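One structure below.
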Amino acid sequence: MDFEKLGAFYLGKDFDTGSATLSQNFTLYESKNLTTHAVIIGMTGSGKTGLGIGLLEEALVDNIPVIAIDPKGDLSNMLLSFPNLAANEFEPWVNPDAAAQATQSVPEYAAAQAAMWQKGMADWGQDATRIQKMRSSIDFTIYTPGSSAGVPVSVLKSFDAPSSAVLEDADALRERIQSTTTGLLGLLGIDADPIRSREHILVSSILSASWQDGKSLDLGGLIAQIQNPPMQKVGVMDLESFYPAKDRFELAMSINNLLASPGFAAWMEGEPLDVKNFLWTTEGKPRCSVFSIAHLSDAERMFFVSSLLNATLSWMRQQSGTPSLRAILYMDEIFGYFPPNGNPPSKTPMLTLLKQARAFGLGMVLSTQNPVDLDYKGLANTGTWFIGRLQTDNDKARVLEALSSAGGASNADLEKMLSSLGKRVFLLHSVNAKKPITFQTRWTMSYLAGPVTLEQIKLLMREKKNAKSVVAATSTAQKLVSPQASAQQSQPALPPSIKQFFLPSSSQEITYHPMLIASANVRFASTKQKIDVMQEKRYLVEITDNPVPVSWDEAESIEFDVNSLETQAAEAAGFADLAVAANNAKNYDKWQKDFAKWLSSSQPLTLFSSSKFKAISDLGESEGDFRTRLTQVAREQRDAGSESIQAKYAPKLAKLEQRIQMAQAKQAEQAAQAQQAQLNAMLNVGASVLGALFGGGRRTNIVSKVGSVARGAGKAMKEGGDVSRAAETVEGIQAELEELQAELAAELEAISAVDPNETLEPLEIKAKATDVSLELFALAWVPYTRDDKGRLTPAWA
């Protein structure tokens, strides 16, 4: 398709608002321009939802991941993109009331909708193969914070310490603490001023102290620290004068009551608020993560949106700079989240993203139907404006005021264009274009069924949630030790030569299970790959009564601080039975040697190699992260190559277009002269005939007039020939232009498209036996507890 240009989003076709005619010229938007962000404004019925979804579809076709915040339920329609465009795919999602109004059964109405979508896409040059391409290359998920209808998100399980990039930036850390505190207190119904509110100052101080120590807090820990804060003074006042213990207890009880409420459990379950995982799978596949929040209260929505924006900021600051589009964060209906007055928790991180995200390749797209309720000073950082039909003159005046400083067209021209916009027709104003244009949006690949309900989200996410449950259950089972036949209250007596340690735990009613704990420093060196690195390897493995008591292939890699190991058991803890082999001190020497041998022979340093990019993964970089990095490198090379090629052809194209304009002007001039010559010839003929009939002139005069007529006719014929030759010249230059455009298209096509599915070759670097340095080898008592369903779960801190 002509619109499948590298790095260009197919948004629709140019539209002439003056004549209300649709052009056949495709409206193509350079994806890299979205790094300067975009805003979509249009009243209900203007088609802004279709434009927004179409824009996101183009990003997904180009393997650009998307995070979409969906306050109304419209963006979940992106999961209603049916690979076959068949009636049975539409049927579960059509509105029965709409079918009844059309006097059709649901199956009949679904068939009609399928036919309409097939025709609509075909009219805009699309078909089902484009949908199939998008669905096969993207992982689609609908998240429902505070609900189990979709995939739940664990927002309040812990307040994780931000990245080092945030901790080292005093302003960024202050903004993160303030926004998190305001959002949490908002859930409690406390409209807290960061400067005047005791609650805000106390909670902010607790978060600041914990995060600066690199520690995360869960709600239980926060409640405990509110009652016993880690500071004795607030400012220059002692703690009790500033916020007495009795009052702090009331605040702690408010948070505890929130935590204990029946509906609040959903906020504690699900996937952690990890932006990288929302953008790519562990294998590096791009994702479209839709966060549906229509079911939440206003306070809950504000808390979640501000939490997600802050998490996005933390992720962003860990990325390398790039001139190309890396990911998109889209928010529909931002009314109330970015107001011109006031400072809700969402406003500061959103403004920071608009100011800073460009350097990291994160494009922000904000959509609203209420232009007067936006902070236009903040939107001065937005490079692209999509303006649809507006409801009031006041809306139009506000938009004109915002656009006037951007240039490209006069206010009078902009006002005329805005007044002529119809449904699905938008004004596109970009700082990267010479002048604004108007266009009509293309047909979306996604079925626009209206707001998607929680019940429909359940149906859409059923298979994905089932798959996640199986994976989670398998993963948990692998991490659990086998249930012991019995347990005792006293620690088994062992020879003093056997070293014993206890993993720390903050849980109650724990039972210690015996395992081997091993830690070693392993050197991996390769002259060919220019690698020489030391890595810490730490494992836990069970001791069994099997013929081979210890199998290092079953060992679990863990992270722990050797200095955190305890030498005494927790009070009132139980002890699982100890395998017979664990009582023999000599076995530990053998197991230690086996461990060192296993590390050198079976635990290589695995890197990944890309032959296409001649690159090797970094140390500690997973295959998925490496694939994600290569995808961005490919996109940057593609964008740079595209710019270079277009710059090379631009002078030639401009010269040919200028020649065409000159030839067309000459053709028009010749046509006008030919027309005038023909007219003069006709007038001369007429005058001669009339003169011959009625003039009574002499014969010589008549002959002279006839000769003049003949010369006029000859001149007319000559002018006609000039017109034909001028037309041939225009056609010739046009053919040259088309040939040059074909060469340009061929060179652009030769640039490697972004392909996240390249086969990566693993590179294994084994350690020498002499390069394994043992740090710790001992019997470890690992704490486990039982959950409310009696399942054995790890309980170490």
Can you compute the helix-only [θ] at 222 nm over the chain? Use -39500 (n - 2.57) per DSSP H run of at least 4 residues, normalise by all residues, nearest 500 deg cm²/dmol.
-14500 deg cm²/dmol
For Phe15, the residues 5 or more places away or on another chain with a placed amide H closer than 5 Å to its own amide H are Ser23, Thr438, Phe439, Gln440
Loop only per DSSP, at most 12 neighbouring Cβ atoms within 10 Å: give me the GluC sites (Glu not before Pro) in segment 130-207, ordered by residue number.
Glu168
Rounded tilt (10° steps) of 393-404 against the dominant C-alpha axis of the chain
90 degrees
Give me the number: length gained by fully extending Asp561 to Ser136, i.e. 0.36 nm times residue separation minus the C-alpha to C-alpha distance, one decimal in nm.
148.8 nm
Convex hull (Cα only) mean projected area of segment 90-165, reported in nm² to one decimal:
9.4 nm²
May I ask you to evaluate 6.51 cos²θ - 1.76 cosθ + 1.60, the Karplus curve with θ = phi - 60°, for each residue of segment 60-66 and list the ³J(HN,Hα) values in order in whole Hz, giving x for glycine and proline?
5, 4, 8, 6, 9, x, 9
Over all directions, the average projected area of the alpha-carbon convex hull for segment 286-356 comes to how many nm²?
5.5 nm²
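I'd like the trypsin sites (Lys or Arg not before Pro) in segment 205-265 restricted to DSSP loop residues with at most 16 other Cβ atoms within 10 Å, sorted by number.
Values: sites: Lys215, Lys233, Lys246, Arg248; in loops: Lys215.
The qualifying sites are Lys215.
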Using the basic label-point model (7 angstrom from Cα toward the beta carbon), what is the Gln104 to Val236 distance in nanometres?
7.7 nm
Want the number for Arg523 to Ser507: 0.36 nm per residue separation, take away the alpha-carbon distance, what's left?
2.1 nm
Per q in 0.16, 0.18, 0.20, 0.21 1/Å, what log10 I(q)/I(0) does a Debye calculation on the alpha-carbon atoms of segment 1-139 return?
-1.03, -1.27, -1.45, -1.51
Treating every alpha carbon of the chain as one equal point scatterer without solvent, the Debye formula yields log10 I(q)/I(0) values at q = 0.08, 0.10 Å⁻¹ of -0.86, -1.21
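According to the Kirkwood expression over distinct Cα-Cα pairs, how big is the hydrodynamic radius of segment 532-683, in Å? The partial results should precede the final answer.
Numbers: mean 1/r = 0.0413 Å⁻¹.
Answer for segment 532-683: a Kirkwood hydrodynamic radius of 24.2 Å.
If you take the beta carbon distance between Ala122 and Lys423 as r and set R0 to 22 Å, what does 1/(1 + (r/R0)^6) give as a FRET efficiency, to the nearest 0.05? Don't skip to the answer; put the middle values down first.
Values: r = 20 Å, r/R0 = 0.93.
Once the sixth-power term is evaluated, E becomes 0.60.
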Efficiency of FRET between Asn546 and Leu494 - r from beta-carbon atoms, R0 25 angstrom, step 0.05:
0.80
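Determine the percent antiparallel among the DSSP beta bridges restricted to the chain, to the nearest 5. Present the calculation step by step, with values, prior to reporting the outcome.
Numbers: 62 of 97 bridges.
The antiparallel fraction comes to roughly 65 percent.
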List the trypsin sites (Lys or Arg not before Pro) in segment 540-618 that DSSP assigns to loop (not H, G, I, E or B) and whose Cβ has at most 14 other Cβ atoms within 10 Å. Which are they?
Lys612, Lys614
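Would you kindly state how much longer the chain becomes between Ala672 and Ala615 on full extension, computed as 0.36 nm times their sequence separation minus their alpha carbon distance, in nm to one decimal? The partial results should precede the final answer.
Working: separation 57, 0.36 × 57 = 20.52 nm, distance 6.44 nm.
Full-extension gain reported as 14.1 nm.
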Please give the helix 298-316 orientation as an angle from the longest Cα principal axis of the chain, in degrees from 0 to 90, rounded to the nearest 10.
90 degrees
How large is ³J(HN,Hα) for each residue in segment 433-450, as worked out from phi by the Karplus curve 6.51 cos²θ - 1.76 cosθ + 1.60 (θ = phi - 60°), to whole Hz, x for Gly and Pro?
10, 5, 8, x, 10, 10, 8, 9, 5, 6, 6, 6, 6, 7, 6, 8, 8, x
For segment 519-614, what does the accessible surface come to per residue with a 1.4 Å probe? Please give it in Å².
59 Å²
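The values are calculated or read from the model by the stated rules, or taken from the named source; none is laboratory data. Predicted model, so just to flag it, every value in this text is computed and none were measured. Using ideal geometry, Cβ is built from the backbone for each residue, glycine included, and neighbour counts are taken over all protein chains shown. Accessible surface areas use protein heavy atoms only, side chains included; no ligands, DNA or RNA. Shrake-Rupley method; radii C 1.70, N 1.55, O 1.52, S 1.80 Å.
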